[in-house]
Amino acid sequence: MPVNFIHSKALPRTAISLLLALLAACVLIGINETGHNRARAELDSMERESGTRTALNRLLQQVLDAETGSRGFLLTGDPRYLAPYDSAVAGIGQSLEALRAAYAHAAQESAILQQLSRDVQRKLAEMELSVRMRRQGNEDAWKFVVLSDVGQQQMESIRAQSARLLEMTGRRIDASEDQVRSSLLYSRLGIAFVTLAALLAFWAYLRQTTALRAVGEQQQLALQQERDLLERQVRDRTASLAELATHLQEVREEERGHLARELHDELGALLTAAKLDVARLKSRLGPEPSEVSQRLQHLTETLNSGIALKRRIIEDLRPSSLANLGLQASLEILAREFSERSGVEVVTSLEPVELDDAHQLTVYRLVQESLTNMAKYAKARHAEVTVRAYANHVEVEVRDDGKGFDPASIRPSTHGLAGMRHRVEAAGGRLIVDTRPGGGTRVFAVLPTRVLQA
């Protein structure tokens, strides 16, 4: 009986112990499962935040790639630079959609992301405008866009908004790590393994990020070196071409002067001698009209026309009025003769200016070329030639009411406008051609008098 009693008492203790062990096991399993679930949930959160951070870094890198590609195309005109630009632009939309999905339930981050999206869209619009202007050949416009600080401000804003999002993401990752550490109290073994795995994954990510950053810096350095080399080559080539163009213009003017002197001295003497011989023959004929007299009269008129044509050709080649009468009178003569030949009414408003011979010729050629283009293409009925003198500069304007043209449609083989622009810029000035189809044409040049009179 005692044995049975002891055995009977041991059964409840065993049962209690078993129940306690079972309860302890259940509690341990519960604690372990709770810790495991919490750790797993926090690790999932860390993974999502790490993916969000990766998406942010990818977006920033894509914007930088797009800017690098567009700048490369603007500087070189090489369409190959547009391949990384187009690829980056295509990926930016996907990156923004991924970030919107990641921050769908975070009001503060969503507001920052909206601002970041607007800044990115403005930056893309600025790059698209520059690339389109470069494709259209509008040099002044795309250079103005590139040299302004709008793009830099947009990039600074993009970096600032990205940094804020990265900072918030980092804080969330830090909070998740704290939760993982607190979960170690419930299940050290499991959570320690998960934490170690997370730390190893994080270390691998940092190592990969560092390696990618190093590779990116090397690529940026190589690209910068190539860009500097291209800029030097472009500057040297542009300077060489400008010097060559200036030399060719000087040679052209010298040849024109030489040809004008030859025509004046040689051809003029021959025509004058022929006219004198005809006059002698006419004086020896009788006063009665005859066929010979009529022929001599026709020959005299033909010689007079030849002398007038010779004089006009000489004036076109090297206007003698410019040296003898000055710029104001020469332009008035040029406008009057152009009006008589073309039938276009030309109104002049010319103020006296003090310029040396070379720069007076620059102004004269500018007006002459503008009138010539007007006669060939504009079909104008009225025109204005204006010269205004100021303390520091001279303004020259030629305006017509012709049919105008589209500057973007000018063929590269058309050298008239390019020649005028180079002549004015070589004199230290600036040329503006304002025109549109059906709206007439305005050629406007500004020449600094200090440079011209030096």
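Worth pointing out:
- Reported count of residues in the range 106-126, each being among the hydrophobic types (A, V, I, L, M, F, W, C), more than 22 Å from residue 152 (Cβ to Cβ) and either in contact with a strand residue (DSSP E or B) (Cβ under 8 Å, 6 or more places away or on another chain) or loosely packed, with under 14 Cβ neighbours inside 10 Å (or both), is 2.
- Any chance residue 136 is open to solvent by 80 Å² or more (accessible area, probe 1.4 Å), in contact with a helix residue (DSSP H, G or I) (Cβ under 7 Å, 6 or more places away or on another chain) and at pLDDT 65 or above: yes
- Check on residue 185, assigned to a helix (DSSP H, G or I), at pLDDT below 80, farther than 13 Å from residue 45 by Cβ and not aromatic (Phe, Trp, Tyr): no
- Filter pass, residue 67 being more than 24 Å from residue 164 (Cβ to Cβ), of a type in the set (Asp, Glu) and out of contact with any helix residue (DSSP H, G or I) (no Cβ under 6 Å at 6 or more places or on another chain): no
- The range 70-105 - residue that is free of Cβ contacts under 8 Å to residues at least 24 places away in the same chain and either of a type in the set (D, E, K, R) or not in a helix (DSSP H, G or I) (or both) and, of those, least open to solvent (accessible area, probe 1.4 Å): 78
- Elements of type strands (runs of 3 or more DSSP E) contained in the range 357-454, each with 3 or more residues being in contact with an Asp or Glu (Cβ under 7 Å, 6 or more places away or on another chain) and at pLDDT 85 or above: 382-389, 441-448
- Just one of (1) over 21 Å from residue 447 (Cα atoms); (2) buried (at least 17 other Cβ atoms within 10 Å of the Cβ); (3) among the aliphatic types (A, V, I, L, M) fails for residue 396. It is (1).
- If you go through the range 213-242 and pick out every residue that is at pLDDT below 65 and either among the polar types (S, T, N, Q) or open to solvent by 100 Å² or more (accessible area, probe 1.4 Å) (or both), you end up with 1.
- Every condition in (1) among the β-branched types (Val, Ile, Thr); (2) touching a residue at least 60 places away in the same chain (Cβ under 8 Å); (3) surrounded by fewer than 19 Cβ atoms within 10 Å (Cβ to Cβ) is met by residue 363 except one, and the failing one is (3).
- A single member of 34, 54 is open to solvent by 20 Å² or more (accessible area, probe 1.4 Å), of a type in the set (Val, Ile, Thr) and at pLDDT 80 or above, and it is 54.
- Residue match in the range 197-210 (condition: open to solvent by less than 50 Å² (accessible area, probe 1.4 Å), modelled with pLDDT of 75 or more and assigned to a helix (DSSP H, G or I)): yes
The values are calculated or read from the model by the stated rules, or taken from the named source; none is laboratory data. What you see is a predicted model; the values in this text were computed from it and never measured. With ideal geometry, Cβ positions are generated from the backbone for all residues, glycine too; neighbour counts draw on all protein chains shown. Heavy atoms of the whole protein, side chains included, go into the accessibility calculation; ligands, DNA and RNA do not. Shrake-Rupley method; radii C 1.70, N 1.55, O 1.52, S 1.80 Å.
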